[in-house]
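**Student:** Have a look at the structure that comes next, please.
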Amino acid sequence: MPILKEGELDIITHSAEQTARLGTRLGTLLLPGDVICLSGDMGAGKTVFSAGLGRGWGATTPMSSPTFNLVHQHARAKDDVLLYHLDCYRLKTDEDVESIGLEEILGPRSCVVFEWPEQIEPWLPPEHLWINLGIMEALRRNLVFKANGKRYEHLLNEFRGITYG
Ligand SMILES: Nc1ncnc2c1ncn2[C@@H]1O[C@H](COP(=O)(O)OP(=O)(O)OP(=O)(O)O)[C@@H](O)[C@H]1O
Ligand SMILES: [Mg+2]
């Protein structure tokens, strides 16, 4: 059961498909400028969630793991908004972070999904939706959503609405 608290949501999933479906729901609700942070251990399901999110958003290319490219850019048919998917795991120094061009990525006409956002915490916009994925068992994951800022409280309320009716 979800914990009902303003700006927070706690969900347990029992399969990768269920985690991806949550991502898909969130993807349908994103607006240009939105920033989603996916934290959690290796194998927790950040990329699984992202793949679903990309489908919901309407990405014309699949959201696979950006581990080796660091930044993946996706487009969709209905408008010229871009969806950026970053894996920040390897970003260690200020120079590393500066080399990826965050100012361009974090524009008003783009949606951004960060895996390993804690690696770039000082550069993150203060307002964002933070989702922590925790491994409970082989197929069980705990997803904790935290809204930072009014836009993300609204987004989380909408997400709660379409998830629980
Ligand atoms: N409930 C679940 N939700 C999501 N993934 C699950 C679940 N149960 C099992 N899995 C499995 O866990 C793995 C999650 O892998 P994924 O690449 O999404 O992790 P990640 O958090 O992106 O890791 P990394 O930090 O290495 O990028 C997949 O193999 C997936 O099938
Ligand atoms: Mg990943």
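No value in this document is a laboratory result; all are computed from the given coordinates. The structure presented is a predicted model; accordingly, all values stated were derived computationally and were not measured. Note that each Cβ is placed from the backbone with ideal geometry, even for glycine, and that neighbours are counted across all protein chains shown.
**Student:** Relative to the first principal axis of the alpha-carbon coordinates of the chain, what is the inclination of helix 150-164, with its axis defined by its Cα atoms, in degrees from 0 to 90 and to the nearest 10?
**Tutor:** With rounding to tens, the tilt is 40 degrees.
**Student:** Per q in 0.11, 0.12 Å⁻¹, report the Debye log10 I(q)/I(0) for region 71-147, using one uniform scatterer on each alpha carbon and no solvent.
**Tutor:** Values, matching the q order: -0.35, -0.41.
**Student:** Sticking with this structure for a sec: Please compute the net charge surrounding Gln119, taking Lys and Arg as +1 and Asp and Glu as -1 over other residues with Cβ under 13 Å from its Cβ.
**Tutor:** Numbers: positive: Lys46, Arg90, Lys92; negative: Asp87, Asp94, Asp96, Glu115, Glu118, Glu121.
After counting each charged neighbour, the total is -3.
**Student:** For Cα pairs less than 8 Å apart in space and 6+ apart in sequence, what is the mean separation divided by the residue count of the chain, i.e. the relative contact order in percent?
**Tutor:** Details: 336 pairs, mean separation 52.4, N = 165.
Contact order relative to length: 32 percent.
**Student:** Quick one: angle between helix 16-29 and the longest Cα principal axis of the chain, in degrees between 0 and 90, rounded to 10, please.
**Tutor:** Between the helix axis and the principal axis of the chain, the angle is about 70 degrees.
**Student:** Using only the alpha carbons, work out the radius of gyration and Dmax of region 9-165 in angstrom.
**Tutor:** Cα only, region 9-165: 14.5, 45 Å (Rg, Dmax).
**Student:** Relative to the longest principal axis of the C-alpha atoms of the chain, give the angle of the C-alpha long axis of helix 46-57, reported between 0 and 90° and rounded to the nearest 10°.
**Tutor:** Value to nearest ten degrees: 90.
**Student:** Now for a separate question. Would you work out which of Gly58, Trp116, Ile36 lies farthest towards the positive end of the dipole of region 8-164, given +1 charges on the beta-carbon of Lys and Arg and -1 on that of Asp and Glu, about the Cα centre?
**Tutor:** Positive-most Cα among the choices belongs to Gly58.
**Student:** Right, something else. About the Cα centre of the chain, what is the dipole size in debye to 20, counting +1 per Lys and Arg Cβ and -1 per Asp and Glu Cβ, all else neutral?
**Tutor:** On the way: 16 positive and 22 negative charges, 152 e Å.
Roughly 740 debye, rounded to the nearest 20.
**Student:** Once you have the Cα-Cα distance between Ile105 and Thr61, take 0.36 nm times their residue separation minus that, and quote the gain in nm to one decimal. Mind showing how you got there, number by number?
**Tutor:** On the way: separation 44, 0.36 × 44 = 15.84 nm, distance 1.78 nm.
Once the chain is fully extended between Ile105 and Thr61, it gains 14.1 nm.
**Student:** With a cap of 15 neighbouring Cβ atoms within 10 Å, and only residues DSSP puts in a loop, list the trypsin sites (Lys or Arg not before Pro) found in region 46-103. Don't skip to the end; give the middle numbers.
**Tutor:** Values: sites: Lys46, Arg55, Arg76, Lys78, Arg90, Lys92; in loops: Lys78, Arg90, Lys92.
Passing both the DSSP loop test and the Cβ count: Lys78, Arg90, Lys92.
**Student:** Could you tell me which residue out of Leu155, His85, Leu22 lies farthest along the dipole of the chain toward its positive end? Charges go on the beta carbon: Lys and Arg +1, Asp and Glu -1, centred on the Cα centre.
**Tutor:** Leu22
**Student:** Please list, or write none, the lysines whose alpha carbon is within less than 17 Å of the alpha carbon of Lys5, excluding same-chain residues fewer than 8 places away.
**Tutor:** The qualifying lysines are Lys146, Lys150.
**Student:** What is the local net charge at Phe68, summed over the other residues whose Cβ is closer than 11 Å to its Cβ (Lys, Arg +1; Asp, Glu -1)?
**Tutor:** On the way: positive: Arg90; negative: Asp87.
For residues surrounding Phe68, the net value is 0.
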